[in-house]
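Just below is one structure, and these are the notes that go with it.
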Amino acid sequence: MLRVIMRIFFNTIVCLVVISGYVSAQQTGATPTTGTADIEKMMQSAVSAGNADLLKSDAMAVDNVINPSEYHIGPGDILALQLLSGTAIEQLLAVTPENSILLPRLGEVSLVGKTLAQAKDTILKIIQKRNPNATASVTLRKPRICYVTIKGNVAMPGTYSLPASMKVSTAIKLASQKSTTASAASAGQNTPKNSPSESDRLLSKSTGMSSYVARNIIVRHSDGTSETADIEKAIATGTTALDPLLRESDEIFVPYESGASPTITISGAVQSPRVLAFKKGDKASFLLKSGYGFTENARPNGVYLIQNGVKRQLKTNEKLQLTEPDFELQPGSAIIAEQDAPLTGLKQGIVEVTGNVQSPGAYSIEQNTTRLREVIEQAGGFTDQAYLPLAYILRREYVKNSAEEDDRSERALQYTDLVPEDTARFIHHTKDRRPIVSCDMAAAFTRKSEADNVQLQDGDVIVVPSNPQRVFVYGQVNKPGYMAFTPGKTMEWYIEQAGGFATGAEKSLARIIKGRTKVWSTGGDNVFVESGDEIYAPPPTIKPIGYEIQNYTLLVTAIGALLGVAGFIYNVYLNSSK
């Protein structure tokens, strides 16, 4: 009887607990928690709420996959610890300013001087020591942000806040831009002025730096150690350790170009012919990888090494990989991949026709054979809006990089005999020149000029604009601005329509600026302005202080000299007549 009473009492208590939990759940809108699984869910929710606080900051862009053996743990890193026994729970662990973490129920664990791989190993050993049956994993959940100082040969030296997961090469790219998107505090340094040599123009397709600079970047760490980043080799060989990850308080020094540094070369039938700065320990495999494979016209078994004046064949496979024992190179070593016989019959090319033709688009040509009129015929001819005096042809130019383009005029002046004034004008004209083909399309089509019916090349772009029906008159005129185009009128007529010359205008220097070529032309009765042209009437010439005095002084000196000579001749004449 007593047992029956005790059982009824126990069941009543259980029912009351269940009902109480249900009522509480109805009031709060939650599911009643009556079992072990529900309690674990509550614990996991609490952990997730704490984890969310650690991940609230903005995400940073990444530029690579982190190698755990190369990433050094530092204050601010967020690690994720996942325990797989029972219900999987992820616990986020923030690395403290002391470079340690707090493991739940296990205490503080120091991670000073450890890489991510070493930190993982340390944490897992501690957990397994406490519970040999535990199954756990550790990963980097979010890298820290650290201050890095970049000095030397960059456009924007200074101190930057960057993620520790970023490579040195990416940090340098940011500092090499005139306007960087990174959060930077300027160090107050001006962009250095240097005069790079011709080898500085041999830029890496991947780094944007000269080979010498890319292979000799110094990275100094806060613990007193330093290392040399070799970005060229890191890219070619895939050795990520040569392009290290950032650490807090790193100082990155980007060197200036050294024109006297020795080089090694790979050339010929390779995808990327290169001249690289030589470093002791460079091997043939590295130089071959820097070529990024053969071109289609590479000759089989045609790879040769020239070293110390001796040429020998190298054994490589179809991927330009060395199949014989590797060996070190010497300064000046060169690898040449010989080309097969030139392929014949491959003379096809593509030109583009844009603007006022019946069928704009791309058209196939035979290089240096197909002429302008043939392509326009393929395009269906011109529309009624086409204006040939402004039409032109652009030709594709090969320029290695923007620095070479900017330096074109300076190199061209190496052996000039121009005076300084003409030199400055030449530099300006060279930098602003357009890659147009010498062709007057109006003459080619209206006057059937064969000289202007030019042969086309692959990549040419034929531009046929519409008639703008206007002329722009500006400078020292009374009513400058746009005017409606009237055919068959001269420069003088348009200037009169613009109110005539203003006071002080240098009338003799007024010029027509042609719309297509931008060439300046003098006016005249037989020189007619075309639609799209500009007319410029210059203001009074600005003369330096003392210019008039110098002119008068020279004039007086010349007159005095002439009078002196005349007097001398007269005296000689008088003496000879006596």
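The values are calculated or read from the model by the stated rules, or taken from the named source; none is laboratory data. Just so it is clear, the model here is predicted, and its values are computed rather than measured. Here the Cβ positions follow ideal geometry from the backbone for every residue, glycine too, while neighbour counts run over all protein chains shown.
Quick notes on this structure:
- Whichever residue in region 132-157 is of a type in the set (A, V, I, L, M) and not in a strand (DSSP E or B) and, among such residues, is modelled with the lowest pLDDT: Ala134
- Residues (hydroxyl-bearing (Ser, Thr, Tyr) and either touching a helix residue (DSSP H, G or I) at 6+ places or on another chain (Cβ under 7 Å) or surrounded by 12 or more Cβ atoms within 10 Å (Cβ to Cβ) (or both)) located in region 370-399: Thr370, Thr383, Tyr387, Tyr392
- Odd one out for Glu450 among (1) part of a loop (DSSP other than H, G, I, E, B); (2) more than 15 Å from Thr370 (Cβ to Cβ); (3) at pLDDT 90 or above: (2)
- Of the listed requirements (1) more than 21 Å from Thr240 (Cα to Cα); (2) at pLDDT 50 or above; (3) in the same structural domain as Pro244 (by TED's automatic domain parsing), Ser183 misses just one: (2).
- Pairs with Cβ under 7 Å, 6+ apart, first in region 235-260 and at positive phi and touching a residue at least 24 places away in the same chain (Cβ under 8 Å), second of a type outside the set (A, V, I, L, M) and outside any strand (DSSP E or B): Ser249/Ser222
- Flag if Lys518 is free of Cβ contacts under 8 Å to residues at least 40 places away in the same chain and within 30 Å of Val351 (Cα to Cα): yes
- Test: Glu506 is within 20 Å of Met441 (Cα to Cα) and not assigned by TED's automatic domain parsing to the domain that holds Gln385: no
- Residue tally, condition small (Gly, Ala, Ser) and in contact with an Asp or Glu (Cβ under 6 Å, 6 or more places away or on another chain), over region 285-299: 1
- Every pair of residues 6+ apart whose Cβ atoms lie under 6 Å, when the first sits in region 555-578 and is polar (S, T, N, Q) while the second is surrounded by fewer than 10 Cβ atoms within 10 Å (Cβ to Cβ): none
- Counting only strands (runs of 3 or more DSSP E) that sit wholly inside region 233-319, those with at least 2 residues that are surrounded by fewer than 17 Cβ atoms within 10 Å (Cβ to Cβ) are 298-307, 310-313.
- From the list Ile513, Ile495, the lone residue that is of a type in the set (A, V, I, L, M) and under 27 Å from Val437 (Cβ atoms) is Ile513.
- Subset of region 115-131 [farther than 23 Å from Ser161 by Cβ and not in a helix (DSSP H, G or I)]: Asn131
- Criterion: in contact with a Leu (Cβ under 9 Å, 6 or more places away or on another chain), among the hydrophobic types (A, V, I, L, M, F, W, C) and over 30 Å from Glu352 (Cβ atoms) - qualifying residue of Ala502, Ala498, Ala537: Ala537
- Test: Ser169 is among the small types (Gly, Ala, Ser) and either closer than 23 Å to Ala241 by Cβ or modelled with pLDDT under 80 (or both): yes
- Meeting the requirement of 3 or more residues that are at pLDDT 85 or above, farther than 30 Å from Ser290 by Cα and outside the structural domain of Leu288 (by TED's automatic domain parsing), the helices (runs of 4 or more DSSP H) wholly within region 327-445 are 372-378.
- Filter pass, Asp458 being among the acidic types (Asp, Glu) and within 16 Å of Glu374 (Cβ to Cβ): yes
- The lone criterion from (1) modelled with pLDDT of 85 or more; (2) surrounded by 10 or more Cβ atoms within 10 Å (Cβ to Cβ); (3) under 30 Å from Leu287 (Cβ atoms) left unmet by Thr323 is number (2).
A quick yes/no check of all residues on (1) closer than 20 Å to Asp458 by Cα; (2) within 33 Å of the chain's Cα centre (by Cα):
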residue: Gly281; (1), (2): no, yes
residue: Leu287; (1), (2): no, yes
residue: Pro300; (1), (2): no, no
residue: Val310; (1), (2): no, no
residue: Lys315; (1), (2): no, no
residue: Leu320; (1), (2): no, yes
residue: Leu329; (1), (2): no, yes
residue: Asn356; (1), (2): no, no
residue: Arg371; (1), (2): yes, no
